[in-house]
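One structure below.
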Amino acid sequence: LARRQEDLARLHSRVFEERVKAARRLEREHAASIKDFDFARGALVLIRNTAIEKSLNRKMRPRYIGPYVVLARNRGGAYIVCELDGAVLDRPIAAFRLVPYLARTHVDLNWLDDDEYLDISTARLREMESSNSLGDDETDDAATREERRDVQEDVEDDAP
C-alpha cells in the first residue's frame, strides 16, 4: 500500500512523457502542413467561414470571407480584425480561422493609423485587446453570457 503512491507517480510521469513525445512526433511528421501564422498589425487576412461546415448545401458556398485587416491580437491569442472600410468586428476571431490574403495589387492602408477612421472607440479597442478571449464562436464564457443578459435586460426595460 505504501508503494502504491510511488507507482502511481511513476506511471503518471511515464504517461506524460509519452504524450509529450507523441506531440513532438506529430509536429515533426506534419511540419509541412502545420502553419503558425503570426499576423502583424495591417496584415490582410481571410476568415474561414465555419458557419457552412455542417450544412448540407456547402458545396458552392464561400469557404473564406474577407479580406479583413488585422488590428491587434488579444491576450488569449485571438485577432481583432476590421473590414477595409474600418468597420471592426464585434468579437475577436480565433487564430485557427485566419489565413493570409495574398492581394494581387497593392492595398492602401494609410487609414490604419487614423483612430477616427475606425467605427469603435480606442477604449473599446483596448478592452478587446486586454481580454483573454480565444475568439472561438463555439465557446461561450460566463462574462459574455452575462453581458448578453445585461443587454437583453436593457432592451426589455426600454420596451413600451
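The values are calculated or read from the model by the stated rules, or taken from the named source; none is laboratory data. Not measured: the values here are computed from a predicted model. FYI the Cβ positions are ideal-geometry reconstructions off the backbone, even for glycines, and counts take in every protein chain you see. The accessibility values were calculated without ligands, DNA or RNA, using every heavy atom of the protein model including side chains. Shrake-Rupley method; radii C 1.70, N 1.55, O 1.52, S 1.80 Å.
Kindly indicate whether ASP157 is open to solvent by less than 90 Å² (accessible area, probe 1.4 Å), more than 17 Å from ALA40 (Cβ to Cβ) and at pLDDT below 80. Taking the combined requirement at face value, the residue does not satisfy it. Could you identify the single residue in LEU84, LEU46 that is touching a Phe, Trp or Tyr at 6+ places or on another chain (Cβ under 6 Å) and in contact (Cβ under 8 Å) with a residue 12 or more places away in the chain? Just one listed residue meets the conditions, LEU46. For region 119-142, which positions are assigned to a helix (DSSP H, G or I) and modelled with pLDDT under 50? The answer is ALA142, and nothing else.
When only residues in region 43-60 that are surrounded by 13 or more Cβ atoms within 10 Å (Cβ to Cβ) and more than 23 Å from ALA103 (Cα to Cα) count, which is farthest from the chain's Cα centre (by Cα)? Taking the candidates together, the pick is ARG58. For region 67-79, indicate whether the set of residues that are surrounded by fewer than 13 Cβ atoms within 10 Å (Cβ to Cβ), among the basic types (Lys, Arg) and farther than 30 Å from GLU127 by Cα is non-empty. No, that holds for no residue.
Among residues of region 62-73 that are on the phi > 0 side of the Ramachandran plot and without any contact (Cβ under 8 Å) to a residue 40 or more places away in the chain, those with a beta-carbon under 7 Å from a residue that is outside any strand (DSSP E or B) and open to solvent by 60 Å² or more (accessible area, probe 1.4 Å) at least six positions away or on a different chain give the pairs GLY66/TYR101. Scanning region 61-118 for residues that are under 12 Å from PHE39 (Cβ atoms), over 13 Å from the mean Cα position of the chain (by Cα), aromatic (Phe, Trp, Tyr) and not in a loop (DSSP other than H, G, I, E, B) turns up just one, TYR68.
Checking every residue in region 9-30 against the condition of being β-branched (Val, Ile, Thr) and in a helix (DSSP H, G or I) gives at least one match.
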